[in-house]
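The values are calculated or read from the model by the stated rules, or taken from the named source; none is laboratory data. A quick note: this is a predicted structure, and the numbers were derived from the prediction, not measured. Counting neighbours? That spans all protein chains shown, and the Cβs are built from the backbone with ideal geometry, glycine included.
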Amino acid sequence: MSPLSRYERVLCSWLAGMLSESRRERIRQTLLNRTRHLTVVLEDVYDPHNASACIRTCDCFGVQDIHIIENQIPFEARKDVTRGAAQWLTLHQYADDGDNTIRCLEQLRAQGYALVVTTPHHTDCELETWDIMRKTALIFGNEHNGVSQTALEMADRRMVIPMFGFTESFNLSVAVSLCLHHLVWRLRQTDCAWRLPPLDRERMLLDWIRIAMGRKGPPIEAVFERDYREDQPVPGLIDWPDWEQFTAEKL
């Protein structure tokens with residue numbers, strides 16, 4: 001991810017000055033709690049309600065990326081369930097011809113992720129004892145058939161979520177919630193560098209401020225672009241955010 005240009009940095013500060021202090025602090029805190037150490041993969045999810053609940057869960061637990069595989073089932077989210085969560089996340093959709101599962105998982109493996117499918121059958125690791133220091137892509141299949149044979153064959157490990165009843169498996173969105181709650185909690189107890197890299201954080205900061213500005217943002221940004229000069233400061237520029245003064249220990 002490329003660093004912000006001077007123009008983008010000044011724009012970011014200028015727009016941030018139009019937000020309330022509480023809104024700026026909320027954006028800053030959330031960015032400091034975001035992670036790409038864990039990511040979620042959803043393969044051919046049938047139920048829009050489940051898909052939407054998974055998106056909302058990822059936002060709640062600070063997991064920035066969701067990888068959505070659409071081999072047979074087009075992905076659909078319900079706004080009344082996501083409650084705006086999708087706009088703060090990075091959704092990677094794989095909907096080309098051919099086997100999108102292969103394309104998605106090969107990409108994640110190249111990025112250094114351990115590929116872990118969640119399944120109740122023929123498992124070789126458990127949620128509670130997974131090595132949280134490893135970058136992990138959690139792969140969830142659809143509500144009817146679970147993960148595909150391709151995902152099973154490509155996976156590094158097969159993880160079971162402990163259960164003690166008659167039912168064979170959890171609901172999809174419940175399974176995502178259980179896994180993320182446990183793994184994110186454990187991750188935050190470690191000294192692992194799980195937070196976003198500085199370049200990712202700065203780029204997302206500008207994106208999120210634009211989102212927070214809403215419909216009034218584009219016309220205001222047009223005025224900024226018209227008046228901006230490289231050789232002169234912009235009136236009202238604020239020095240924000242100062243990441244060094246707002247560390248994770250203060251959250």
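What the table below lists for this structure:
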quantity	calculated
Which listed residue, of 116, 147, is within 22 Å of the chain's Cα centre (by Cα) and at pLDDT below 95	147
Test set (1) within 23 Å of the chain's Cα centre (by Cα); (2) exposed (fewer than 12 other Cβ atoms within 10 Å of the Cβ); (3) modelled with pLDDT under 95 - residue 110 fails condition number	(3)
Test: residue in the stretch 46-62 that is basic (Lys, Arg) and free of Cβ contacts under 8 Å to residues at least 12 places away in the same chain	no
Test: residue in the stretch 19-39 that is within 17 Å of residue 171 (Cβ to Cβ) and assigned by TED's automatic domain parsing to the domain that holds residue 146	no
Counted residues, the stretch 185-219 - those being under 15 Å from residue 11 (Cβ atoms) and either surrounded by 15 or more Cβ atoms within 10 Å (Cβ to Cβ) or not β-branched (Val, Ile, Thr) (or both)	15
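Condition check ((1) at pLDDT 95 or above; (2) small (Gly, Ala, Ser); (3) crowded, with 16+ Cβ neighbours inside 10 Å; (4) under 28 Å from residue 77 (Cα atoms)) across all residues:
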residue: 95; (1), (2), (3), (4): no, yes, no, yes
residue: 100; (1), (2), (3), (4): yes, no, yes, yes
residue: 132; (1), (2), (3), (4): yes, no, yes, no
residue: 154; (1), (2), (3), (4): yes, no, yes, yes
